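So the structure is just underneath, and the comments pick up after that.
Values in this text are rule-based calculations from the coordinates and carry no lab data. Note that the coordinates shown come from a computational prediction; the quantities given were computed from them, not determined experimentally. Here the Cβ positions follow ideal geometry from the backbone for every residue, glycine too, while neighbour counts run over all protein chains shown.
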């Protein structure tokens, strides 16, 4: 079955530490990978996307993709209390003739002051 | 519009009544998704529209749920004979293509009393 899996957490890190969030996916044909952040009571918002193997950095955020291992991760450097949220991994999985963006269940991150 | 617009933002309905939830996607976006999120839970996929292809209805929880997308733009999610377990936030998202990031609306909070 085509799916996206994440550790539900909660993941707790101290302020200033590196938070590492992981995601695996089942479809080797997937081409697009996204990380969303969702604050409690709010809609998910896109924070990173990655299409190619390797690392992609944007400020304190780094997305890492390894297609051979079907693994995508998000690193948050110098974690801040404001980073406390649920992080959702999304992958475009093939379904018949179309691809469909499929979300994991999310990892709850808590950054402690 | 500039973003995905959903209406109403809140809806309280009596058990057994029908409700219609509306989503205006970002102009030009070919893909449109409906999700449901219960309190403290992950995103539950409901239905996916992509261009002129037949919609992927695999996530609809029962035949009381239906959705349509007219003219490749506005979408309406209809829940017939609402039940208390239908209470949740219903989120709509759209993306330019099936392989690009999705942008979420602010959701409709449905409460069935």
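Hey, can you rank A:79-92, B:28-41 by average C-beta count inside 10 Å, highest first? All intermediate terms of the calculation are to be shown ahead of the outcome.
Working: A:79-92: 20.5, B:28-41: 18.1.
Ranked by mean Cβ neighbours within 10 Å, highest first: A:79-92, B:28-41.
What does the structure give for B:98-111 when I average, per residue, the other chain Cβ atoms found within 10 Å of the residue Cβ?
On the way: counts 10, 8, 6, 9, 8, 4, 7, 1, 2, 4, 0, 1, 0, 0.
Whole-number average of other-chain Cβ neighbours for B:98-111 is 4.
Could you give the distance between the Cα centres of the range A:47-79 and the range B:80-113, to the whole Å?
27 Å
Taking the Cα centroid of the range A:98-113 and of the range A:32-46, what is the distance between the two, rounded to the nearest whole Å?
7 Å
I'd like the antiparallel share, as a percent to the nearest 5, of DSSP beta bridges with both residues in chain B.
Details: 33 of 37 bridges.
So the antiparallel bridges amount to about 90 percent of the total.
Among B:26, A:18, B:79, which comes first, second and so on when ranked by fewest other beta-carbon atoms within 10 Å? Could you put the intermediate results ahead of the total?
On the way: B:26 19, A:18 12, B:79 25.
Going from least to most buried by this count: A:18, B:26, B:79.
For chain A, what is the convex hull volume of the alpha-carbon atoms per residue, in Å³?
Values: hull volume 10.9 nm³, N = 113.
Once divided by residue count, the hull of chain A is 96 Å³.
Average partner chain C-beta neighbours within 10 Å, per residue of A:79-92?
Details: counts 0, 0, 0, 0, 0, 0, 0, 3, 0, 2, 0, 4, 0, 8.
Rounded to a whole number, the mean comes out at 1.
Quick one: Debye curve from the C-alpha atoms of chain B, no solvent, what's log10 I(q)/I(0) at q = 0.11 Å⁻¹?
Rounded to two decimals, the profile gives -0.31.
Could you pull the Rg and Dmax for the protein assembly as shown, using just the Cα atoms, both in Å?
For the protein assembly as shown, the Cα radius of gyration and maximum Cα-Cα distance read 17.6, 52 Å.
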